[in-house]
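Derivation of every value follows stated rules applied to the coordinates shown; laboratory data play no part. The model shown is predicted, which means the values in this text are computed figures rather than measured ones. Using ideal geometry, Cβ is built from the backbone for each residue, glycine included, and neighbour counts are taken over all protein chains shown.
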Amino acid sequence: MTRDNLHVITNAYVNKILIEDKKAVGVEYSLGEKHETVRCTKEVALCGGTVKSPQILMLSGIGPRSHLKSLGIECIADLPVGKNLQNHMSCQLKGHTNDEIDVLSVNDAMDPKYQEQYDLDQTGLLSSNVIESVAFIQTGLEKDIEWPDLQLFTLPMYYTSGPDEPTILGIKSKDLYPVFGYDDNQTDAMAHKGFTMLPFMLHPKSVVEITLASTDPKEPPIIDPHYLEDPHDVKVLAEGLRFSKRLAETGAMKAIGAQTIDIMMPGASGDAYSDENLEKYIRHIATTAYHQVGTCKMGSNDDVTAVVDPKMRVRGIKGLRVIDASIMPHLTSGNTNAPCIMIGERGADFIKSSR
């Protein structure tokens with residue numbers, strides 16, 4: 001913050017990128033009720049993320065021509081902005097353990113003695129990072145791939161999302177609470193010691209799209225969630241749940257009294273791990289991992305599906321780069337945090353080398 005060449009404006013809201021003769025020359029932003037502009041002499045680096053970056057580009061006239069025209073926005077560069085949105089999807093398998101082993105319950109997390117122990121020397125139950133182990137798995141559903149299509153997190157905690165978890169997971173009716181292992185007021189769930197296994201589908205075939213809701217920069221864009229539209233994605237998550245079940249039945253897990261909660265969905269046939277029942281369960285409870293990528297896809301100059309080139313420069317516009325997860329052509333086989341750091345570092349190198 002003490003650098004002479006850095007000026008940070010907080011509580012500002014970017015409206016659009018200023019473009020003249022197909023060159024980015026600055027940014028228009030709102031600060032309270034005022035509209036301000038800042039101009040640049042070299043480049044604009046857009047780092048709004050996978051949702052905001054495509055919105056800002058489209059508001060600036062960079063995006064699918066027909067969509068921009070429908071909103072009365074002049075199209076400066078006809079590019080597939082907002083397409084190709086991909087996200088990791090997850091579901092969960094929970095279970096109980098022996099009460100005497102050291103795993104967390106929500107009641108433990110709120111117990112002053114554990115809080116005090118952690119505050120004094122950073123030990124005890126609260127020193128867990130919660131995600132105690134990670135596995136990368138090939139389901140074998142696609143014989144020609146050489147990378148994992150599942151990532152499995154294991155948590156030493158039965159209750160993961162607080163007292164309103166059923167609502168978060170889309171369990172709207174209290175009639176379904178017992179099916180999912182909850183009582184009406186969650187007291188049992190908060191007291192249980194146990195574990196949670198979270199299989200994540202790494203390479204979805206269902207692709208999502210972002211479009212503008214209006215020309216108002218402060219109105220959120222429309223995200224059309226085609227999640228699990230491709231049946232293959234459901235099959236991958238189903239294999240993740242079956243793998244989790246087998247893992248919970250190993251000797252090491254049985255030694256701590258592991259007992260899974262096997263959910264039988266209303267109206268489904270077969271057992272809890274049949275194709276029909278797992279599909280109903282997954283479509284009811286699956287959630288995203290907030291690993292969105294792809295809406296400003298990077299590609300070669302002859303790739304008609306690409307928004308930026310291999311140096312993160314927006315095609316057809318000078319002096320404008322996108323430097324965030326939106327440029328990733330495909331999801332990585334794992335969390336997106338480290339790849340985003342790499343993208344930022346590489347983007348900085350590109351900017352410095354262009355001086």
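A few remarks follow.
- Packing-based ranking of 75-81, 33-39 yields 75-81, 33-39, ordered from highest to lowest mean Cβ neighbour count within 10 Å.
- Cα long-axis angle, helix 337-353 against the chain (0 to 90 degrees, to the nearest 10): 20
- Pairs from 16/205; 22/69; 34/218 whose Cα-Cα separation, in the structure shown, is over 23 Å: 16/205
- Ordering of 1-7, 242-248 by burial proxy (mean other Cβ atoms within 10 Å per residue, highest first): 242-248, 1-7
- Principal-axis tilt of helix 231-248 within the chain, Cα atoms, nearest 10 degrees: 40
- Crossing angle, helix 275-285 versus the chain [Cα axis fit, 0-90 degrees, rounded to tens]: 60
- Evaluated at q = 0.08, 0.09 Å⁻¹, the base-10 log of the normalised Debye intensity for the chain, with identical point scatterers placed on the Cα atoms, takes the values -0.52, -0.64.
- Cα-based convex hull volume of the stretch 244-355 per residue, rounded to whole Å³: 165
- Local electrostatic count at residue 303 - Lys and Arg +1, Asp and Glu -1, tallied over other residues with Cβ under 10 Å: 0
- Taking packing as the residue-averaged number of other Cβ atoms within 10 angstrom, the listed peptides 147-156, 119-128, 330-339 run from highest to lowest as 147-156, 330-339, 119-128.
- Shape call, the stretch 5-148: gyration tensor on alpha carbons, a/c limit 1.5: oblate
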